[in-house]
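This report concerns only the one structure given below.
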Amino acid sequence: MNVNQQAHMASPYRQPQPALQGYSQPGYGEPPTQYAPYNGPNPGYQQGPAPAGYFPYSSLPSKALPATLASDLSSNSSSPLDLGPVRPSPNSGPPPMLTPQGYSQYTQGDVQNGPPTMSGQPHRPPVSQPYLPGSQPAYHQHYGAPHTGMQQMTNQMSGMHVSAPPPAVSGYAPSSHPQTSVSFSGVPSFSVSSQQNSPAASLTHGQPPSQPPFPGSPPLSQSPFPGVPPPGSQAQYSSTPPLPVSQPQYSSTPPLPVSQPQYASTPPLPVSQLQYSSAPPASSQAHYPGAQPPPASQAQFSGSSQTSPFHAPSSSFAPPAGAPRHPGVQPMQALPHSQYLSGPPRQPMQGPPLSQQNHVAPGPPQPGMAPGMQGPSAQPAPPGQGQGVHPHQNGAFGQMSGPQPGYGGSYPGPQNYGAQPPPPAAPPQKRLDPDSIPSPQVSELPAVQKTRHRIDPDAIPSPIQVIEDDQANRSSEPFTTGVRGQAPPLVTTNFQVKDQGNASPSYIRCTSYNFPCTSDMAKQSQVPLAAVIKPLATLPLDEVPPYIVDHGETGPIRCNRCKAYMCPFMQFIEGGRRFQCGFCSCVTEVPPHYFQHLDHTGKRVDCYDRPELSMGTCEFTATVDYCKNNKIPQPPAFIFLIDVSYNAVKSGLVDLICAELKTLLDYLPRESSEADSCIRVGFVTYNKVLHFYNVKSSLAQPQMMVVSDVADMFVPLLDGFLVNVNESRAVINSLLDQIPEMFADTRETETVFAPVIQAGLEALKAADCAGKLFIFHSSLPIAEAPGKLKNREDKKLVGTDKEKTLFQPQTSFFGNLAKECVAQGCCVDLFLFPNQYVDVATLGVVPSQTGGSVYKYTCFQVPSDGDRFLNDLRRDVQKQVGFDAVMRVRTSTGIRATDFFGAFYMSNTTDVELAGLDCDKAVTVEFRHDDKLSEESGALMQCAVLYTSCSGQRRLRVHNLSVNCCTQLADLYRNCDTDTLINFFAKYAYRSILNSPTKTVRDALINQSAQILSCYRKNCASPSSAGQLILPECMKLLPVYLNCVLKSDVLQPGADISLDDRAYLRQLVTSMDVAESHVFFYPRLLPLKLDVEGDTLPTAVRDSEERLSKGGLYLLENGLHLFLWVGANVQQELLQSVFNTPSFGQIDPSMTNLPELDNPYSRRLRAIIENFRAQRPRYMKLMVVKQDDKLEPIFKHFLVEDKSTSGGASYVDFLCHMHKEIRQLLS
């Protein structure tokens, strides 16, 4: 089918479902209510049994599987594999149940994404846990019972599941890694399944804890997908005696009509349980030694259930009291595992017939059953499913392994919610051959089930859930970097790093921590191999900054051949007299002064005393050989160049800058050991001409010198232009007082721009030092001068092949000027204050090629924008910065750095040159194969940055990182970092629009992502229907994040965004690190239900209008903007506490700061806002947005899971589109 034909899909919440008689159905007629904060998953909760369709390992090639196993909704074969849906988002879903429900008997701590990498470290799963290879028994599981028709299945699937078939890797070794599969039922012949295919990873999308994870979210026992019966609480065993399975399928008691209430007198079983719960409580689990592991189909517990075509639907599994029901939707049972077989040849399992222990008591059919159907007790158990099961942990059946160190132990068992544990189970019985099972007939389905076709947003992978799970699982223990190829926690997780030989993720993050061994494998997967490097990143306060190592006059120890610096990857040999380079394998003599003996392991005895031998990051003092012209550099200089044209003066900008500089000059950057900064300062003002100022300390008053010949720029004075702040304090203050007065009555509206940069450059050349220019500029430079520009804004070009010219500079002049600046070490930071078009694409060329920054304040007004500008200026002046920097990335044999993205200049193919490099700038590097890599040695990379510190000292900062190499695609996909992938894709796309139409760029992004996912589907996932979208666990958020990039203003602009804004954002993203790009593309949306006593933030909600409650306050930030959305029905008391006004109508939408009120709520909210601002490199101005106000469309633009006004798809629609693309590639 065409996936885009979804006009009939309704919103998941807007249409009330007609309730079955006697059932309450709360909440489905209203928008979702606001939920209370989620405090993270229960640390003691452990993974449950394998989901349906999951099998322990996949060693059979796919061709060995029966042809009928494919589960395609468009055919009459079996239903799509269902491993239980994603756990509902913390902020969404149907109304809660009235009774608490147990979720899973196992702690989250034991989920595993597959076998450890070569070095044995855990890779990052959604819940990262070790798995014990070799512990799975060699058998597969066939289940099945008579079923009644594929069409019945298709029509009964009315929710969307996320399930987890395991991989049957064809052509590769067994894959044991997590994937996510989402079944879009209800859409004909279309299902997306999101699977976890680690040998035991039955958890899909982060399992919920054993208690309902967050108030207001759908209780775990209840289906989060409208139209699907609640999966119920697996642990709710019925309190009546269990019934043996051997009963006939249909009881002689006539079934009751569907319209009757469906409550059983005993606690109902979850629908997805194949007639017994996913596993007995942990306490009772140990009573079943030697029994078979639970079949995958038993573990459908994560959020939705589905009728299996192999079983007649039974309606006796009624939901617990209070759970909503949907008309005509019969509870569905799990798909037989036999669809996805793997492992050794099939052998029927021997043993007496099953006598199921976990059933509801036998008896007459329960009210509400469809005609001809009997309760659960009447259905035979799927053959081959053992009753007594060992806990299904760590990717292994059979013996239970302990929890991974640092994670909670096993879950002690569900609390007794009024249900008794099942008695011991009988041995398994012989399994049926799945190929002999008949299909259900279409006519057997109730007609009412065929009407609902809506993919529930709660059923598709949730970014918030992934972020919360990672924070819960990986923030408590420090991340030690000693293990090669270890994927770090997500960039959104707060965690401490202990450097033990690889650089901190604060400095380097990779798209994958397991590189393919061959270029063919890399081409096949299409996963870009890249690293985002932030060489001078600021570390958290609890981490130690890099140690500075001084080797004296000889300088750092290096490899003779490749010139790599001494690092933990060097191997000392011959008793310590030589070392072998880890990058090129060349053997180099150890200088006598550096010699040290080796211990019995071959390590130097002083290894842990030398940072360069034991730390992933260290800094060397460089010798004169590393200095330009073999001369020790002078301390750098800062030059402030202020536009004093009419617009700048009248807006109050000039007054503001001069007043701020008086105090700001006390905070120039300095070494930690220095009392005063060594940086010298100079001042220039300009409009059509330039004014230089002599502020020499011996003068009583500053002197102005005017240069009107802007065509041939020179500096009219040397002595007195660049001065020490403390020596010339009085003269500088006098100048800053006089400048606003001198130009108060100016009528000059025209400005120059290129000569301003030339003036600063000439001044630095004359002083023979590097430095930074701070240019404050307000308008398009149309005055006669070099670099004069014309207004070329033409919105008619948007969307055409000529659109790319709008992002290219008007003239090559600025590119040549940038090259001169880089040669001198002159970095340019540009502060723009335009009221109309200023051609940011051209003005930004010099800042972006010199390692500088562009700040833009459109229609600047001091009352509303002053705070933002001053905070940006303060941070920009004070932050750590290196000058005249050169960066080179060296790699071990087999790969090389081939492409670079960021704010820099390159004069050759290897050296990244940055006139300035500050702590916010990141450089993205792409690697390609030039030879084969080996699994034993892995791949190594070393980033060395040579720069001049703010005190004038030449330094070398070295970051080292080792990653694993793999011969199986499954290992590659298991160790990817989606946030870093998106950073790379965004930068690649934003650079591509300089040369290609935006539509071409968007299509290329979609195509590459579809190739990545289709390669995974083809080579790593288990065989399944084309109707399923199968996503690797580590990449299950790739579609939602990719959609955010595609919908961004640069690639798909709305009618109201200016060309300047697009060019500004394009340059901004180019040098973002992973944390910034993550929140930029997927903003953080926080419901403000605050715990005024504690300091924990409420759990974020997904970026969709459906998550907003009229009675709530929400804070949204994306690193550049900060919105406070106020619902129309917010309580009067809350408005008074925050805005000091009792009514919604009296809130002032123009306020940019909240009033400082003396109440706990106000203090807490203001603290959160300041905390958000402190985390971002740019100050975010607060905008208060009232519901249905004129500013609300701007706010809604950042709700990126919804359809955008510019034509961008919603998350659900884009997932459908991606699925269609993948199916085309597979076919």
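The values are calculated or read from the model by the stated rules, or taken from the named source; none is laboratory data. Being a predicted model, the structure only gives us computed values, none of them experimental. Ideal geometry is used to build each Cβ from the backbone, glycine not excepted, and the neighbour counts take in all protein chains shown. What goes into the accessible areas is simple: the full protein's heavy atoms, side chains included, and nothing from ligands, DNA or RNA. Shrake-Rupley method; radii C 1.70, N 1.55, O 1.52, S 1.80 Å.
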**OP:** Would you mind checking which residues have amide H under 5 Å from C618's amide H? H placed 1.01 Å from N; only 5 or more apart, or other chain.
**Re:** V958
Original post:
Using the per-residue mean of other Cβ atoms lying within 10 Å as a proxy for protection, in what order, highest first, do the peptides 800-813, 864-877, 750-763 fall?
Top reply: 750-763, 864-877, 800-813
Subject >> Y837-D1189 pseudo-label distance in nm [points 7 Å out on the Cα-to-Cβ vector] >> reply: 3.2 nm
**OP:** Mind giving me the nanometre distance, one decimal, between the label points for H600 and A1128, set 7 Å out from Cα along Cα→Cβ?
**Re:** 7.9 nm
Original post:
If amide H atoms are built 1.01 Å from N in the plane of the peptide, which residues on other chains or at least 5 residues away come under 5 Å of the amide H of L1031?
Top reply: T180, S181, V182, Q195
Original post:
Efficiency by 1/(1 + (r/R0)^6): what FRET value for S672 and N724, r their Cβ-Cβ distance, R0 = 22 Å, to the nearest 0.05?
Top reply: 0.65
Original post:
Taking the highest mean first, how do the peptides 497-507, 651-661, 1048-1058 order by number of other beta carbon atoms within 10 angstrom per residue?
Top reply: 497-507, 651-661, 1048-1058
Original post:
Which ³J(HN,Hα) values, rounded to whole Hz and listed in residue order, are derived for region 675-685 from phi using the Karplus coefficients 6.51, -1.76 and 1.60 in 6.51 cos²θ - 1.76 cosθ + 1.60 with θ = phi - 60°, glycine and proline given as x?
Top reply: 6, 10, 6, 8, 6, 8, 10, x, 9, 9, 10
**OP:** Grab the Cα-Cα distance for D1056 and E935, subtract it from 0.36 nm times how many residues apart they are, and report the gain in nm with one decimal.
**Re:** 38.4 nm
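Roughly how many debye, to the nearest 20, is the charge dipole of region 712-805 about its Cα centre, given +1 on each Lys and Arg Cβ, -1 on each Asp and Glu Cβ, and no other charges?
Charge dipole, region 712-805, about its Cα centre: 540 debye, nearest 20.
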Original post:
Over what distance in Å are the Cα centres of region 649-707 and region 1142-1162 separated?
Top reply: 38 Å
**OP:** For a label point 7 Å from the Cα of T746 along Cα→C-beta, name the residues of region 688-726 whose backbone N is under 11 Å from it.
**Re:** 688-691
Original post:
For E784 and V624, what is the calculated FRET efficiency with R₀ set at 41 Å and r taken between the beta-carbons, to the nearest 0.05?
Top reply: 0.35
**OP:** Write down the accessible area per residue of region 520-664 in Å², having rolled a 1.4 Å probe over the full set of protein chains.
**Re:** 45 Å²
Original post:
Amide H to amide H, which residues 5 or more places from M1183 or on other chains are under 5 Å from it, using H placed in the peptide plane?
Top reply: L1122, F1123, L1124
Original post:
How far apart, in nm, are two points set 7 Å out from the Cα along the Cα-to-Cβ line at T805 and at N560?
Top reply: 5.8 nm
**OP:** At 0.36 nm per residue, minus the direct Cα-Cα distance, what do Y547 and Q526 gain on full extension? Give it in nm, one decimal, please.
**Re:** 3.7 nm
Original post:
How much of the accessible area of region 1110-1215, in percent, comes from carbon and sulfur atoms when a 1.4 Å probe is used?
Top reply: 48 percent
**OP:** May I ask you to rank M521, M742 by accessible area, largest first, using a 1.4 Å probe over the protein chains only?
**Re:** M742, M521
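Report the charge-dipole magnitude of region 876-949 in Debye, nearest 20, computed about the Cα centre from +1 at each Lys and Arg Cβ and -1 at each Asp and Glu Cβ.
Roughly 60 debye for region 876-949.
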Original post:
Using r as the Cβ-Cβ distance of T967 and A711, and R0 as 45 Å, what FRET efficiency do you calculate, to the nearest 0.05?
Top reply: 0.10
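Given the pairs K603/K921; K498/K628; K921/K1089; K523/K1036; K534/K696, which span a C-alpha to C-alpha distance of over 29 angstrom in this model?
Over 29 Å Cα-Cα: K603/K921; K498/K628; K921/K1089; K534/K696.
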**OP:** Using θ = phi - 60° and the Karplus relation 6.51 cos²θ - 1.76 cosθ + 1.60, list the HN-Hα couplings for region 1032-1045 in order, rounded to whole Hz, with x at every Gly or Pro.
**Re:** x, 4, 6, 10, 5, 9, 4, x, 5, 6, 5, 4, 5, 5
**OP:** Under 16 Å Cα to Cα from K1203, which lysines show up? Leave out anything in the same chain fewer than 8 places away.
**Re:** K1047
Original post:
Which aspartates and glutamates, on any chain, are close to K802 with Cα under 15 Å apart, when same-chain ones fewer than 8 places away are left out?
Top reply: E793, D794
Original post:
Residue by residue through region 1069-1083, which ³J(HN,Hα) values in whole Hz follow from phi under the Karplus form 6.51 cos²θ - 1.76 cosθ + 1.60 (θ = phi - 60°), with glycine and proline marked x?
Top reply: 5, 4, 10, 6, 8, 5, 5, 5, 5, 4, 6, 5, 8, 10, x
